[in-house]
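This report refers to the structure that appears directly beneath it.
We did not get these values from a lab; they are worked out from the coordinates using the rules stated. Computed from a predicted model, the values in this text were never measured in an experiment. Because the Cβ atoms are built from the backbone with ideal geometry, glycine has one as well, and the counts that use them run over all protein chains shown.
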Amino acid sequence: MLKTAVSKVRLRLKHSFDRINNEELKKNMLQAIPFWIASVITGLIAVIYTKLFLLAEGLTTLIYKQHAWMLFILTPVCFIVSWWIVKRFAPYSRGSGIPQVMAAIEITNPKTDQKVNKLLSIRIIFIKILSSLVMAIGGGVIGREGPTIQIAASVFRKVNQFLPLWWPKVAKRNMIITGAAAGLAAAFNTPLGGIVFAIEELTKTHFSYFKTAIFSSVIIAGLTAQGILGPYLYLGYPKIGTISGFIFLGVILVAIISGLAGSSMSKIILWIMSWKSKFRLNYENVIYVTVCALLLAGLAYFIDYAAMGSGKDLMQKVLFTSDKYSLWYTPLLRIAGTMLSFTTGAAGGIFAPALGTGASIGSMVSGWFHLSETNTNLLILSGMVGFLTGVTRSPFTSAILVLEMTDRHNVIFHLILAGMVASLVSILVDKHSLYDHLKVQYIRDLNEEEKINISPTNANANL
């Protein structure tokens with residue numbers, strides 16, 4: 001009997017040893033290590049970037065409270081410096097960063113490394129952070145979430161490039177997609193949001209091919225950020241108790257308004273950027289950036305400081321204080337501030353500003369009907385989902401992000417409804433999202449640059 005038991009144990013140990021020595025298992029382990037390393041780096045960068053961004057916004061608020069008139073000097077200077085940094089050192093670090101990641105995913109193949117390097121690189125990481133921080137000091141209506149996604153994708157791509165030749169290869173496209181998902185998860189502390197974002201917005205590859213990589217990377221990046229910042233929600237726990245049975249009608253109304261507003265803002269941004277593309281001289285850009293900065297400073301000084309900043313303070317005010325009803329012009333100020341900031345060509349995301357604008361729409365509509373605190377909070381969250389969907393056309397990503405930011409799982413169906421309604425009405429304005437249009441433009445710009453570089457004149461010059 002004892003002999004039989006010992007034999008069984010030996011057999012099991014041998015079987016386990018054989019599995020450990022299995023070449024396929026070794027390969028899978030080696031392929032996983034780059035994802036884990038890149039995830040830790042992404043989490044650390046996200047934490048540092050978050051702290052610096054909060055300091056930058058805090059500095060602007062302090063200056064405004066002490067000497068509000070200084071905005072008319074600070075904002076233009078910061079906007080111009082931020083634009084110049086991008087223009088001089090990394091033109092493809094401008095804006096959000098998500099369209100660049102989408103473009104990189106689409107064009108990635110062995111022959112396009114030079115093109116992708118303009119979209120995702122170590123230089124992009126530094127310039128993205130520096131430019132957006134300067135912009136934030138100037139009161140720019142930008143966020144750090146989109147930039148974090150481009151930064152994370154750059155980290156994952158660079159880690160992949162550093163692998164020795166004998167290391168089992170990891171698909172470049174999968175590495176970039178996973179990096180973007182990890183970046184979003186670390187920026188918002190929303191692991192499910194990162195996964196849904198990768199599926200809904202970024203990938204056209206069958207998800208099962210790299211689902212383990214995404215799951216593990218999102219978890220590791222998020223845990224790294226949490227390990228330093230501690231467990232936190234991006235916004236907190238808004239009160240949502242007993243809600244009205246008819247609140248679905250309010251959710252639909254807010255979704256329609258916010259969806260149309262988000263898609264319309266995107267359309268105007270695209271029109272402005274198309275008009276700006278005709279600029280041929282630097283002084284034209286400087287004049288435009290200066291005018292944008294002065295207009296934004298004027299809105300903040302003469303009307304309401306809420307026109308400036310990422311919008312997180314506005315979200316927290318309407319969700320967690322008694323001042324729950326936004327004035328009719330607050331959404332207009334937020335939209336104007338976003339357009340003035342985003343079209344300058346400096347680095348800065350649109351996720352947080354979109355959420356802030358949506359929150360102001362939800363709170364404004366609640367004021368029309370003088371709703372209770374819980375119903376008002378639900379409409380605020382619905383506005384956030386609706387406006388972000390209007391910009392991105394990713395209703396499930398928007399709903400899951402807002403859900404995880406607030407931990408209000410009892411309203412998941414309301415938020416998904418808001419996202420779907422906003423997505424449907426947005427089609428009336430434009431069939432494609434802001435990110436889709438910008439992705440196409442980045443790919444076109446890269447192709448044009450390639451044609452110029454290989455033109456006969458340049459070829460002869462190189463000879």
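Annotations for the structure displayed:
- Rg ratio (alpha-carbon, reference 2.2 N^0.38 Å) - the chain: 1.05
- Estimated FRET transfer efficiency when R0 is 35 angstrom, pair residue 271-residue 327 (beta carbons, to 0.05): 0.80
- Given 51/317; 87/317; 51/172; 115/312; 312/451, the pairs whose alpha carbons are separated by over 32 Å: 87/317; 115/312; 312/451
- For the chain, size of Cβ-based charge dipole, Lys and Arg +1, Asp and Glu -1, in debye: 1480 debye
- At full extension, residue 320 and residue 450 could sit 41.7 nm farther apart than now, given 0.36 nm per residue minus the alpha carbon distance.
- Each Lys and Arg Cβ is given +1 and each Asp and Glu Cβ -1; about its Cα centre, segment 247-443 then shows a dipole of about 480 debye.
- Modelled FRET efficiency - R0 51 Å, residue 248 with residue 440, Cβ distances, 0.05 increments: 0.90
- Which of 177, 73, 91, positive extreme of dipole for segment 35-229 (C-beta unit charges): 91
- For the chain, adding -39500 (n - 2.57) for each run of n ≥ 4 DSSP H residues and dividing by the number of residues yields -24500 deg cm²/dmol at 222 nm.
- Using the Cβ of residue 193 as centre and a radius below 12 Å, the other residues enclosed give a net charge of -4, where K and R count +1 and D and E count -1.
- Count Lys and Arg as plus one, Asp and Glu as minus one, and take only other residues whose Cβ is under 12 Å from that of residue 53; the net charge is then +2.
- At q = 0.19 Å⁻¹, base-10 log of I(q)/I(0) for segment 311-358 (Debye sum, equal scatterers on each alpha carbon): -0.61
- Expressed as a fraction of 2.2 N^0.38 Å, the value expected for a compact globular protein of N residues, the C-alpha radius of gyration of segment 35-229 is 1.06.
- Here the label points at residue 69 and residue 123, each 7 Å from Cα along the C-beta direction, are separated by 4.3 nm in the simple model.
- For segment 247-443, the ratio of Cα radius of gyration to the globular rule of thumb 2.2 N^0.38 Å stands at 1.01.
- Within-14-Å neighbourhood charge of residue 274 [Cβ basis; K, R +1; D, E -1]: +2
- Cα-based Rg / Dmax (Å) for segment 32-146: 16.4, 55
- The aspartates and glutamates within cross-link reach of residue 276, meaning a Cα-to-Cα straight distance under 17 Å and a gap of 8 or more places when in the same chain, are 284, 445.
- Positive-end extreme of charge dipole, segment 35-229 - chosen from 45, 108, 219 (charges on Cβ): 108
- Spatial separation of Cα centroids for segment 386-448 and segment 58-90, in angstrom: 30 Å
- Once the Cβ-Cβ distance of residue 295 and residue 162 is raised to the sixth power relative to R0 = 60 Å, the FRET efficiency obtained is 0.85.
- Using every pair of distinct Cα positions in segment 334-390, the Kirkwood expression returns a hydrodynamic radius of 11.8 angstrom.
- Averaged over residues, the count of other Cβ atoms within 10 Å places the peptides 353-359, 277-283, 252-258 in the sequence 353-359, 252-258, 277-283, highest first.
- Among the chymotrypsin sites (Phe, Trp or Tyr not before Pro) in segment 303-335, those located in a DSSP loop and surrounded by at most 11 other Cβ atoms within 10 Å of their own Cβ are 328.
- The residue among 392, 325, 150 whose Cα reaches farthest toward the positive pole of the charge dipole of the chain, with charges on the beta-carbon of Lys, Arg, Asp and Glu, is 150.
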